[in-house]
Amino acid sequence: MTIAELQQAVLEKKKETDTCILAHSYQAREIIEIADVVGDSFALAKNALDRPEQTMLMCGVRFMAEGVKLLSPEKRVVLANPDAGCPMAEQMDKGIIAQVKAAYPEYTVVAYINTTAALKTVCDVCVTSSSAVEIVRKLPNDKILFIPDCNLGDYVAKQCPEKTFKLLQGGCPIHAAVDVKAVSAATDAHPKALVLVHPECRPEVCALADYVGSTAGIMQYAKASSAREFIIGTENAIAEHLQYECPEKRFYPLTKELVCKNMKVTTLMDVYLALSTQGGEEIRLDPDTLREARVCIDKMIALG
Ligand code: 13P
Ligand code: SF4
């Protein structure tokens, strides 16, 4: 079976089963092409709210599927490949954060959306990489405990110098592996290119960038810019999609290693099998988790 034939079979099954396919922008091109909604983790959860379909099929990682379930608990939410987890989301557990909160009761706990639903139950407000600075600025409390990504936390802290931050040692192993040497190698190879990086990269890498922003932010910036060459410091799928969408410009991955295996574990065949109820995993959250984790997501929507 060719990719085009499998895509056709997916589209037919999708219609037959009244399913909406949500694809994170890090997914492979053949999945992006058959998706109803493509975007960053927040855009996926928010757009799922307005979809008429009763089943949401997530092509992304587990915390993203949980995010959709938290916002649309009445819908059936399925993760296309049950092995797709995000190591950052699973770095900190609820018990540890509850202890840290007890030690610093005067701090507001701000959780990156890349956290499990269980962890969200003990956090005060959620943020995404695109909304973090705006939301933190709007919080009445000046003391912020930012989890789990210390690189994103450092980036937000620099934009909000009026606030005091406590950061814990967590983060994305893929983005945090990019170092200054890799930036120099990329800019030596492409001296005219602008450097665009995700704030999950280390502070010294962000400091060398022309633009720091979320997946969606990087894509918007590159499309709107009059520059013609860009070094992309986030998952390499973004450089590929941008190259496809803007053939007149040139996009270079910052390093070949910027590949999230967790995102890439989902294949078009997984999507087909999940639609045929021979694969995938339905996300089930107990009523307490649904209620308690929803609080910090609602706060994010109210402030974002
Ligand atoms: P975005 O919210 O920017 O899509 O980031 C999600 C993610 O996992 C980045 O590594
Ligand atoms: Fe998680 Fe990093 Fe992969 Fe994003 S790129 S899903 S933060 S491991």
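The values are calculated or read from the model by the stated rules, or taken from the named source; none is laboratory data. The shown structure was predicted, so the numbers you read here are calculated from the model rather than taken from an experiment. Glycine also receives a Cβ, built like all others from the backbone with ideal geometry; neighbour counts cover every protein chain displayed.
K101 falls short on exactly one of the conditions (1) more than 16 Å from ligand 1 (Cβ to nearest atom); (2) modelled with pLDDT of 95 or more, and that condition is (2).
Residue-by-condition table, conditions (1) surrounded by 15 or more Cβ atoms within 10 Å (Cβ to Cβ); (2) at pLDDT below 95:
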{"residue": "Q243", "(1), (2)": "yes, no"}
{"residue": "T277", "(1), (2)": "no, yes"}
{"residue": "L285", "(1), (2)": "yes, no"}
{"residue": "E292", "(1), (2)": "yes, no"}
{"residue": "G304", "(1), (2)": "yes, yes"}
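A count restricted to the range 14-23 and to residues that are crowded, with 19+ Cβ neighbours inside 10 Å and either in a helix (DSSP H, G or I) or modelled with pLDDT under 95 (or both) stands at 1. Counting residues in the range 53-75 that are among the β-branched types (V, I, T), at pLDDT 95 or above and within 16 Å of ligand 2 (Cβ to nearest atom) gives one or more.
The numbered conditions (1) touching a strand residue (DSSP E or B) at 6+ places or on another chain (Cβ under 6 Å); (2) on the phi > 0 side of the Ramachandran plot are all true for I32 except (2).
Counted as qualifying within the range 147-253 are the helices (runs of 4 or more DSSP H) with 3 or more residues that are within 17 Å of the chain's Cα centre (by Cα) and in contact (Cβ under 8 Å) with a residue 12 or more places away in the chain, namely 150-159, 215-224, 236-245. Within the bounds of the range 249-259, is there any residue that is modelled with pLDDT under 95, within 16 Å of ligand 2 (Cβ to nearest atom) and either small (G, A, S) or surrounded by 14 or more Cβ atoms within 10 Å (Cβ to Cβ) (or both)? The answer is no, given that none of the residues of the range 249-259 is modelled with pLDDT under 95, within 16 Å of ligand 2 (Cβ to nearest atom) and either small (G, A, S) or surrounded by 14 or more Cβ atoms within 10 Å (Cβ to Cβ) (or both).
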